[in-house]
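Reviewing the structure listed below.
The values are calculated or read from the model by the stated rules, or taken from the named source; none is laboratory data. Just so we're clear, the structure is a prediction, and the values are computed from it rather than from any experiment. Reconstructed Cβ throughout: ideal geometry from the backbone, glycine too, with neighbour counts over all protein chains shown. The area values use the complete protein model at the heavy-atom level, side chains included, leaving out ligands, DNA and RNA. Shrake-Rupley method; radii C 1.70, N 1.55, O 1.52, S 1.80 Å.
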Amino acid sequence: MRKKRVLLLSEGFGAGHTQAAYALSSSLRKLSPHIQTRVLELGNFLNPKMAPLIVSAYRKTVTSQPRLMGYVYRHQKSFNRLTTLALHRIFYTHTQNIVRQLKPDIIICTHFIPSAVVSRLKRLNPGFKAPLVTVITDYDAHASWISPEVDRYLVSTPEVKAKLRRRSVPSARIQVTGMPVHPSFWEHPGRQEILEQFSLQDLPTVLVMGGGWGMMNDGVVNEALAGWREKVQIVFCLGRNEKLLNDMKADPAYRHPNISLLGFTRDVDKLMEISDLLVTKPGGMTCSEGLAKGIPMLFHNPLPGQEEENVRYFTSAGLGEAISSLEVVDKWMERLLYHYDDVQAKRKSHLEAIAKFHPLQSAQSIIDMLD
């Protein structure tokens, strides 16, 4: 019996899209031994020399000109049409050959660019048989995600489904499955073992994250958090931002037994498990991982566009709060110190409320299509 082949396509514009692809890959293989998965960051796979340059330029634009990114987000329809055509002709001309070579039974896209490229391939090639599933990895549904050739959309919430419906996507093509975070985020290993692994104290703990790019680089907020180091344990997870990691290591303000400075790690699930508060850039995947762990979240400096929409969703649902001032940071530090039982009780209620979003729901939807 030939194993079913699942091709998962992402892009390197932020770590969350690829994390979602790997999470789905893991869940699919966990559910069925008859499935073979392949995850590709499409641009990096097709052009390993050019792709890092494009991602680097994007990263610099995001950090130095966030308003420009907001403008692009608001005018996404014309932008999407232009970039899709250009990328298809210039950058992804070999995509069709890859699909022919790998012969997938289904294609899953966790970023809108490969979704648009595969949609165009389907449109131009009537014999293209593999169903296309697009997984929207934010809590918004902008026009760049939408193509008539998409056979199914997997979305995080009923609100995202409603946004797709308003853009004339048929209801039958949309399934609310929650965000496909890695199954490990739904597990609850022993606290003491994790503390020992990271040489941490058994104290109220704050986890500070800036995503895979380590964009949590606001010295004002970081210093305000570090000011509580005598009573609260703070773990800074700085991703691949080695400059920021080295700068903070050299700063006396962060040299303290209750402060840990980490680079990129694959143990975020464990760090969230033993933390009591998450301070983060509001990327869709990080927020979803925090949601799976039930951890309260403080959102810092969202990028215009999808991150603002993520903040809007989570704050309106009572699952987090935006850092509108340093008073918000101080308020939460005091909660951890003087109302710790209340914080823990609310976290428990969050975990009970999200139990309906089973971690394998997205993968099961894909298996149903294969069957």
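Out of all the residues in the stretch 350-360, which are farther than 16 Å from residue 319 by Cβ and open to solvent by 70 Å² or more (accessible area, probe 1.4 Å)?
358
Filtering the stretch 163-200 to residues that are surrounded by 13 or more Cβ atoms within 10 Å (Cβ to Cβ) and of a type in the set (Gly, Ala, Ser) leaves 178, 184. Residues of the stretch 108-137 that are without any contact (Cβ under 8 Å) to a residue 12 or more places away in the chain and either touching a Gly at 6+ places or on another chain (Cβ under 6 Å) or assigned to a helix (DSSP H, G or I) (or both): 124 alone. In summary, residue 222 fulfils each of the numbered conditions (1) farther than 30 Å from residue 369 by Cβ; (2) free of Cβ contacts under 8 Å to residues at least 24 places away in the same chain with the single exception of condition (2).
Taking the stretch 330-349 only, how many residues are open to solvent by less than 30 Å² (accessible area, probe 1.4 Å) and not β-branched (Val, Ile, Thr)? Give the derivation first.
Residues of the stretch 330-349 that are open to solvent by less than 30 Å² (accessible area, probe 1.4 Å), as a first pass: 332-333, 336, 343, 347.
Applying the additional criterion that residues be not β-branched (Val, Ile, Thr) yields 332-333, 336, 347.
Counting residues in the stretch 330-349 that are open to solvent by less than 30 Å² (accessible area, probe 1.4 Å) and not β-branched (Val, Ile, Thr) gives 4.
Just wondering, is there one or more residues in the stretch 284-299 that are open to solvent by 30 Å² or more (accessible area, probe 1.4 Å), acidic (Asp, Glu) and not in a loop (DSSP other than H, G, I, E, B)? Checking the stretch 284-299: not a single residue is open to solvent by 30 Å² or more (accessible area, probe 1.4 Å), acidic (Asp, Glu) and not in a loop (DSSP other than H, G, I, E, B).
Annotation: of all residues in the stretch 201-220 being farther than 17 Å from residue 249 by Cβ and at pLDDT 90 or above, the one that is surrounded by the most Cβ atoms within 10 Å (Cβ to Cβ) is 209. I'd like the full set of residues that are within 17 Å of the chain's Cα centre (by Cα) and more than 25 Å from residue 319 (Cβ to Cβ), limited to the stretch 240-290. Passing the criteria: 240, 264. From the list 195, 200, the lone residue that is hydrophobic (A, V, I, L, M, F, W, C), part of a loop (DSSP other than H, G, I, E, B) and within 25 Å of residue 339 (Cβ to Cβ) is 200.
For the stretch 314-329, the criterion of being open to solvent by less than 30 Å² (accessible area, probe 1.4 Å), farther than 28 Å from residue 161 by Cα and assigned to a helix (DSSP H, G or I) is met by at least one residue. When the stretch 129-174 is filtered for residues that are in contact with a Phe, Trp or Tyr (Cβ under 7 Å, 6 or more places away or on another chain) and not small (Gly, Ala, Ser), the ones remaining, listed by number, are 134, 136, 139, 142, 145, 157, 159, 160, 164, 169, 173, 174.
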